[in-house]
1. So which lysines pass the test for Lys15, namely a Cα distance under 19 Å, with those fewer than 8 places away in the same chain ruled out?
2. Which Cα, out of Ile388, Leu30, Ser49, lies furthest along the positive dipole direction of the chain (beta carbon charges, K/R +1, D/E -1)?
3. Determine, for each peptide in 444-457, 50-63, the mean count of other beta carbons within 10 angstrom over its residues, then list the peptides with the highest first.
4. Can you list residues from other chains, or at least 5 along the same chain, whose modelled amide H is less than 5 Å from the amide H of Phe607?
5. Taking a ≥ b ≥ c as the square roots of the eigenvalues of the Cα gyration tensor of the stretch 698-809, is the shape rounded (a/c under 1.5), prolate (a/b larger than b/c) or oblate?
6. With a 1.4 Å probe and every protein chain kept in, tell me what percent of the accessible surface of the chain is carbon plus sulfur.
7. Report the calculated FRET efficiency for Asp237 and Thr116 (r = Cβ-Cβ distance, R0 = 25 Å), to the nearest 0.05.
8. Using only the alpha carbon atoms of the stretch 364-451, find the Kirkwood hydrodynamic radius as the inverse mean reciprocal pair distance, in angstroms to one decimal.
Amino acid sequence: MAAENERRELEAKLKSQAEKEEEEWNKSVLSGVKSAAGVKYQDEALSLSESIHQLVSSTSFNSMEELRHTQETMLKEICAFLVKRTNASFVAVLSQLVRSFHDAVPQVARLEDSDTLHYKVAADKKDVIVDHDEDGNEENVEHKEAPQPEITVRNLPPMDDDMAYVLRRGNGITFERVVDLNKGLCVTDVKFVEGMFFFDQKRQGTYLAVPIRSGKKVVGIISADTLDSLIEAELKDFEIPQFMSAAFILSAFMERSELLYRNQILKRRKESLTVMSKRANTLPDDMAQEIVSSIQEMLPACSCCVGVCNLTSQILVLSSSGPSWQGTCNGVVDETKEEHGLMMKAVASKLLEVKTREESVEEVAIPILDEQKVTAVVHVKSAPGSSIPQFLIDFQTSMSSVVASVLLSPARSAKRVLSIIAAAAVGDPKNLFQHAAAICRWHSSSSSIKIVAKHGPDSLRILFEEEETDSNVIERSSIPACEEATRSRAVSFDGTSVVVPLMHKEDDRTPYGLILAKTSSVSEEQMSILEAIGSALSDAFEVVEFRRKMSIASVTALEALLKKLPKLRGACLSFPDSCGFNIVARVLGSFSHPVVVGERLQNFKAFQKVAVAREGCAAVGNILVAGEELEQTQVNFHEETPLVTLSSFADILCTVAERIRWEKMRVDRTDAELREGEEMLLQHFNVCRFDMQTERAIQDIGMIYIDNIRESLHPNELGACIFQAIMYILGHQQRDVSQWKRCRKLITHHLFKEMKMIDIRAPLTVHKLKLARERISALSAADIAMEAGPHALQLWKWVLMILEIQGVE
């Protein structure tokens, strides 16, 4: 609660701060507009400012397209405004070739650094001349209003188009008189000014140009002329303030729109990184990719990477982008690269490290810490001729503590990563072993990793190896450290290999497997990390093995479910991943929606799910069937509903899961108990189903009901049929069962004990099962419930269960 209140207070504080900053910015713009426009054009300038302000305020800036559209509309409105309110017949906005107003982030270089201006948007005005009569007088002047000029606003061709309009330094006087001097210019008649040409021609008319400034730097110009005026209108020096106010508004709101867009990027990326850091299945590679993606969106032309470091001063690149990181060998940063030096400097200092040139940041390395140790480094290098903006550095620095929950210290990272991989698996450990081997190799500097299991008293069976060999069995004595690791149950090193034991958490007497890392040297700290990796792999492998066994055991359950509910065309078992999404483990039958083993279940709403879980505990898995098919299954009042049947099967599978967990972790294929256990997996469901239903019947019915049946000479006919079926199942002879007078003598106080002693795994006598089926074939749940009562109904269900398991329909 305290954390939630703190979050709300922070949000309120940030909102108040943003509102205050916007208020101050509005005051600043209002003051700047008044100053630029002067008294004569102040009202018109304020009107233009308000119009542009409404345009910017109504835009969400959630995408680059929105930013570009808004800025393009802004340019058009300003050009149209000027061409309407002045004598100009043409008004255009020009900007630098290298970077335009349409770029994503406000990092515009000075125009003085470029020799080319590109015409972006233009507005044209075509005056309409009023007709005169033969004497030179206006025709019907008292009845005619002066027609409005025709205004056209248009985008000009982009710079990469052959038809693009450009103005280059040395052509005309704009660069020298407007850009270099940073002030407005008005030429009353360009025909008589040396060096002024329009399309290589001398033309008559006036020309006006004013700089667009960002601070004290020129970032573009607005130009206007009257070369196409039909009424010989002229632009005057006193109109420069009107153009200067428009240029000020354009610059202010361009920067404002880019700032708002940048803030949206920062907000969106912050939310994305925060969500990923809290998501239980986010791997370090995923987080690294998101960090690189966020940097690229804010600074598209840069080179960046996220790398993790080991104890030998190596840096492994998890994700990268840009020319500086092309050709990185095996994902490891070349130690001769300058970038490596700055990154390792950040690792050593645990502080932000920067490289500057002429007061501009060219390169930055930002450390990420967990448990007071640097676990990863974010590196950003600007494109040639540009720099890294401070907001990007501030953003990555502030987010370093957030992403640290995924980019953890080696031991914690191994536990997290391997548990995520195990939670996404459905029985195949290959992906788990690959990740474990990669983590071990990185932190041990090993040239080769093997994961092996016990195979008899003197051998090891290879579960995974990076380099395939002819044999999948090796002698334990060939690696001396194996003996020591097995004996001591601790990490061992013999000078050529480091061996890490894999222990069952419920049985720490002897390792069931080993990690073999070939290396010539290993430090105490590295051995400590490898021990943590081994512990993490042991836990994760147990999860994968458990799921493998559950997947096999579920086959019997799903088959029985489809027989019991014939309206269902398919059923599947799924396991939850780290985020609770269903990963399909076993499928029987068919579905109208795609259901693929090993993949996340899609269109989840189309399925009816029942959790395999004890009350108050996390789900082991889920049984899923098509919800539409389940709804079509109709039952009588006294019969189980399909959902109850599903729930009962899930409850039985929960008991199966407990039984599998009780079993010792066995991977030694020479062990007879392992082979027997594997063969019994398909029987687990039937055994648990029998045990649970038998125990429930015994607890609910009690001996009083049994005594009453035994003492009755003329019991309810339906009840008698059910008890006769039970006697057949228990193996009694037909001559002793067929007549109630003799059958009731078979019903003793040991009945429940006899029922429990049935070995449901073994086939019962088929002849007796068929006789049992004949006795109850004409019975229905409704009739039994109404005439014989609930105890008889429960025993009838027990008989049906026996027949189903034994395959007697």
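The values are calculated or read from the model by the stated rules, or taken from the named source; none is laboratory data. All figures in this text were calculated on a predicted structure; none of them were measured in a lab. A quick note on method: Cβ atoms are made from the backbone with ideal geometry, for glycine too, and the neighbour counts reach across all protein chains shown. Ligands, DNA and RNA are stripped out before the accessible areas are found, and what is left, the full protein with its side chains, is counted by its heavy atoms. Shrake-Rupley method; radii C 1.70, N 1.55, O 1.52, S 1.80 Å.
1. Lys27, Lys267, Lys270
2. Ile388
3. Packing order, densest peptide first, comes out as 444-457, 50-63.
4. The answer is Gly627.
5. Cα axes put the stretch 698-809 in the rounded bin.
6. Summing carbon and sulfur atoms, their accessible area is 49 percent of the total for the chain.
7. Approximately 0.35, to the nearest 0.05.
8. The Cα-based Kirkwood calculation yields 15.4 Å.
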